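Structure first, commentary second.
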Amino acid sequence: MTKGRNGPPRLAVRLVKLFVPPGMTQDGLLGDLEERFHVRVSANPRRARWWYWREAAGAAGRHGSEAVREAVAHYREGDSVDGWMRDVKLAFRGILRRPAFATGVILTLALGMGANTAVFSVLHTVLLEPLPYDDPQGLVMADQLQTTGFRASVAMPNYQDWRERSRVFEAVSMEKPETVRVDGREGAEVLESRLVLDDFFQLLGRDPVVGRLPTPAELGPGAERVVVLTYGLWQSRFGSRDDVVGETLTIEGEPHRIVAVLPPAFAMDRDVTMYLPLGLRADDPAWSDRSTSFGGWVVARLRPGVSLDEARADMARVTEEMRSSLGADHPGAALFSMRDWYVGDVDTPLLFLMGGAALVLLVACANVASLLLGRAEERQGELALRTALGAGRRSLVRSLLADALVLATLGGLAGLALAAGALRLLSDAAAAMLPLAFAESVSIDGAAVLVMFATVLLVTVVVGVIPAVRGVKAARAGVSRSIGAGRGGARTRGILVGVEVALSVMLLVCTGLLVRSVANLQSIDTGFSSEGVLVQRMSVPRERYPDRLSVAQLQESVREEIARLPGVSSAAVSNLYPFSRTNWEMLFRDPERWPAEDAESVLFTAASPAYFDVFSIRLLRGRLFTDADRADTEPVVVIDETAAERAWPGEDPIGKIVAVDDVPEGDDFVPLWRTVIGVVSHVRNYELTEPSRIEAYVPIDQSYGCCRTVWLTVRTEGDPAALAPAVRRIVRDADPEMPVYRVDTMRAVVDREMAVHRAVQALFVVFGILALALGAVGVYGVVASLTRRRRQEIGLRVALGSTPAAAVGHVAGQGIRWVLAGLVVGIVASTLAGRTIESFLVGVRPWDPAVLVGASLALVLAASAALLLPARRAVREGPAEVLKEE
Amino acid sequence: MGRYPGELEQMILAAVLRRGNRAYGVEILEEIEGETGRPVGSGALSVSLDRLEKKGLIETFSADPDPDRGGRPRRYARVTESGVDVVREARAAMLALWEGLDGVLDA
């Protein structure tokens, strides 16, 4: 028999067994499911398991409702439906009579279920079905893997080679992001576009809503100016008119004919508004330059039956072939499944969230079990009485079942409502993690609800009914309720408390570790200061400023105007800034070693002198460049400390010669040799938690090929956001058709980098609080019923001269034993759990003593409060009253 | 309710008959999906088989356990004589209702 990972999900099999009558029906169904599962599992195990779950849930639902229908039909013949109705009514009345108990159970179930349903729904959307394309398993993406280990966008000639030489792809295309200026009646606007080539639309396999998608030939060199609109732009700009095809849109000053409208949620990146032929850029010199990355990536479809590993092997072969003719430093290809390309980064945080939510559900189940056990014990007297009065076993069980069903149903419904609310919070978190279109379309997952509901029902019925039935048996056997049953129940409940405490500690420790991680993230030395900095992008229109000089003059005059604004301490123009997600990768070439040795890739910043001031980048040696370093003076470069250490370890880098960019000479490009004049601190440009590649800064006036589109960065003493309108006005005054876009404060930019950590932390704080509250309620419940049963003993002790404190201590001690045992187990387990989230922690170890002590303390405090409340009440009642009562 | 079968039940009866009046779950599903393009869940099929058997329209029996099925036997169905009668009646009823609708349906 097949089992484990290759067999169908065992839990789903159980679900079927639970609801489908055993015998031929069950065997036939499970056999059919398994047979069909095996056909699917070889194609895609994950999908097959998901399919199996859906089929199993469907079968459980069908057979379950069939059983209910038959039961109703059966009871209709007798009077038992009335019996059920009466029991359900009684159950409701019981709830109203004991609102605290019922609220405890319902709320506990609701919290556990709500958290899980919501997290699972997000997980399902993001991890299992994220791609809105035809047959998404076959889609892959690639970019260049430099011999330096860094990834870069793909150079066009390399793309052409990959396309021709690879044997594993059915179709290959290229996609390149570009922001474009779109003119309209209300002035210019800058929109995100994608330039695409070859079989792009065909390989994704989705049909347009309106019009006809361009063929590969219509996207290549010599392409007409056509544009394909996304659904969003079609709605917002064209009011979803069907006759939009054939109209024109003015992009970068040129009319483009609209040929098609894409279906909703087509672009993975939700900012994308349109697709243009990449062939329109065929006259760009970079088109045929193998050493320049063209800014795009490859989107391809594998031939049927080809695995990702086979595709990687084939690309490695292509790389080897190309290296034999082009040299050993020719870049390879980094190939990923499209799913991993877009959502690979969030697998881990989402799985943490699922783990956290599952822990909450476990705590909740333990809690409900404990509460119901207590209730069952309390009801033994009543049940014994009813038995004595002649009630049959069948009717007793029915009334208990009705109780459990009503509680579970109410809990489930409340959980569903809670999940809907939580989902809104969670999809915000998901949107923060992923700038992708689907993050907004997460909805409650039907299968998740079914499975969760079945679990809760099972727990409630098993825990609520079985002990009570046992109680009835005991009562019928004439055993006094005060002996036996109570003590065994107390131990079970004690164990449940221990389990709850252990699980809660685990959750609290994880929460603590994540809270510390985020605190550490905030205090990381990034090498720059983000306070008071405003950033925005500005594109100089090609039509009126055709050459480098006019572009530079316009940019400089805008910069000067901004620097003169009141409150502005400095303003700079640059090709990038930290976390701008602009990749300027160049080669760091030392004339003494290059080309004999490989050049390291360097992050190339072309900036005006004030850039260092704007971001408070520290000068460590030498000098920074100034306005005196112009196009016609000696070429200079400022490098960061890691570049200095890597290139000239132990030497003074000032005065050394290095090339970080190239200039045209005839038909060719040659390295521009620059003198190192200064060393600055390293700036984290890509990841808060990791250093970037080595860095070089050059005066923007001395940089060839930079830049028609620049970032304007401004430091102010006041609120940077308040400065944005003034900056916009200055740019508009300089040229009304020059748009300013991507306006942001540096604070917000850095905050976004922490969004995933923050989102996970926030949710874990919620989980932690839930666990703490549920744990406390559980402890309270157990101790309350223990003390109730031992009030007599406490009363006697006090009457016989024991101090109230000692008497309370004695009873509370019983509960504390279980709490402490749970604590120890929890701490051990949480260091293990901490290790699983280690990759996500910043500057804190999984066994951080402060976190362990803090979590334990929080739990001990909550548990002590829960222990002492009922014990104190018992003491305060006074011995006389207690003794009188018995 | 009586003996008259629902739409899915009629499809199942027809599918079993098309397979030489001996077919088990996976075959029945393939037959229906293949001929009608309509996907049917295993749960729906299994409930319908129970109902058809209770109505006396089919008989089912276990046979041929298989390692591919986790060692479980197949549940084969065979349409009984009264089952065949019912299919015949259902066809006659539908044909009578469709009479004269060619102009509408073929348009």
**Item:** A:Ala391 out of contact with any Asp or Glu (no Cβ under 9 Å at 6 or more places or on another chain) and modelled with pLDDT under 75
**Value:** yes
**Prompt:** Just for region A:35-54: of the residues that are within 12 Å of chain B (Cβ to nearest Cβ) and of a type in the set (A, V, I, L, M), which one is nearest to B:Pro67 (Cα to Cα)?
**Reply:** A:Val39
**Message:** Residues that are polar (S, T, N, Q) and more than 30 Å from A:Pro304 (Cβ to Cβ): list the strands (runs of 3 or more DSSP E) wholly contained in region A:176-292 that include at least 1 such residues.
**Reply:** A:187-196, A:248-251, A:272-277
**Asked** Only one of A:Gly532, A:Gly471, A:Gly527 is farther than 30 Å from A:Ser830 by Cβ, crowded, with 19+ Cβ neighbours inside 10 Å, at pLDDT below 80 and not aromatic (Phe, Trp, Tyr); which?
**Response** A:Gly471
**Item:** Unmet requirement for A:Phe588, which otherwise passes all of (1) among the aromatic types (Phe, Trp, Tyr); (2) surrounded by fewer than 21 Cβ atoms within 10 Å (Cβ to Cβ); (3) assigned to a strand (DSSP E or B)
**Value:** (2)
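Residue under question is A:Glu321, and the condition is that it be in contact with a helix residue (DSSP H, G or I) (Cβ under 9 Å, 6 or more places away or on another chain) and at pLDDT 75 or above; does it hold? Let's see the steps before the verdict.
On the way: in contact with a helix residue (DSSP H, G or I) (Cβ under 9 Å, 6 or more places away or on another chain): yes; at pLDDT 75 or above: yes.
Spelling it out, A:Glu321 is indeed in contact with a helix residue (DSSP H, G or I) (Cβ under 9 Å, 6 or more places away or on another chain) and at pLDDT 75 or above.
Are any of the residues in region A:24-34 under 19 Å from A:Leu458 (Cα atoms), within 12 Å of another protein chain (Cβ to nearest Cβ), in contact (Cβ under 8 Å) with a residue 24 or more places away in the chain and not charged (D, E, K, R)?
no
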**Message:** Among the listed residues A:Tyr697, A:Tyr704, identify the single one that is surrounded by fewer than 23 Cβ atoms within 10 Å (Cβ to Cβ) and hydroxyl-bearing (Ser, Thr, Tyr).
**Reply:** A:Tyr704
**Message:** Could you go through region A:360-380 and let me know if any residue there is at pLDDT below 70 and in a helix (DSSP H, G or I).
**Reply:** no
**Request:** Kindly provide the set of residues from region A:626-645 that are touching a residue at least 24 places away in the same chain (Cβ under 8 Å) and under 15 Å from A:Glu695 (Cα atoms), ordered by number.
**Result:** A:Val636, A:Val637, A:Val638, A:Ile639, A:Asp640, A:Glu641, A:Thr642, A:Ala643, A:Ala644
**Request:** Name the single residue, out of those in region A:635-651 being at pLDDT below 95 and outside any helix (DSSP H, G or I), that is farthest from the chain's Cα centre (by Cα).
**Result:** A:Glu651
**Request:** For A:Thr675, state whether it is assigned to a strand (DSSP E or B), of a type in the set (S, T, N, Q) and either more than 38 Å from the chain's Cα centre (by Cα) or at pLDDT 90 or above (or both).
**Result:** yes
**Item:** The one condition in (1) more than 22 Å from A:Ala171 (Cβ to Cβ); (2) modelled with pLDDT of 90 or more that A:Asp271 fails to fulfil
**Value:** (2)
**Members of region A:652-672 found to be more than 19 Å from A:Ser601 (Cβ to Cβ) and assigned to a loop (DSSP other than H, G, I, E, B), listed by number** = A:Asp652, A:Ile654, A:Gly655, A:Gly666, A:Asp667
**Asked** Regarding A:Tyr686, is this residue at pLDDT 95 or above and among the aromatic types (Phe, Trp, Tyr)?
**Response** no
**Asked** Does A:Leu15 satisfy the criteria of being buried (at least 22 other Cβ atoms within 10 Å of the Cβ), closer than 22 Å to A:His124 by Cα and within 12 Å of chain B (Cβ to nearest Cβ)?
**Response** yes
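The values are calculated or read from the model by the stated rules, or taken from the named source; none is laboratory data. The model shown is predicted, which means the values in this text are computed figures rather than measured ones. As a convention, Cβ positions derive from the backbone with ideal geometry for all residues, glycine included, and neighbour counts pool all protein chains shown.
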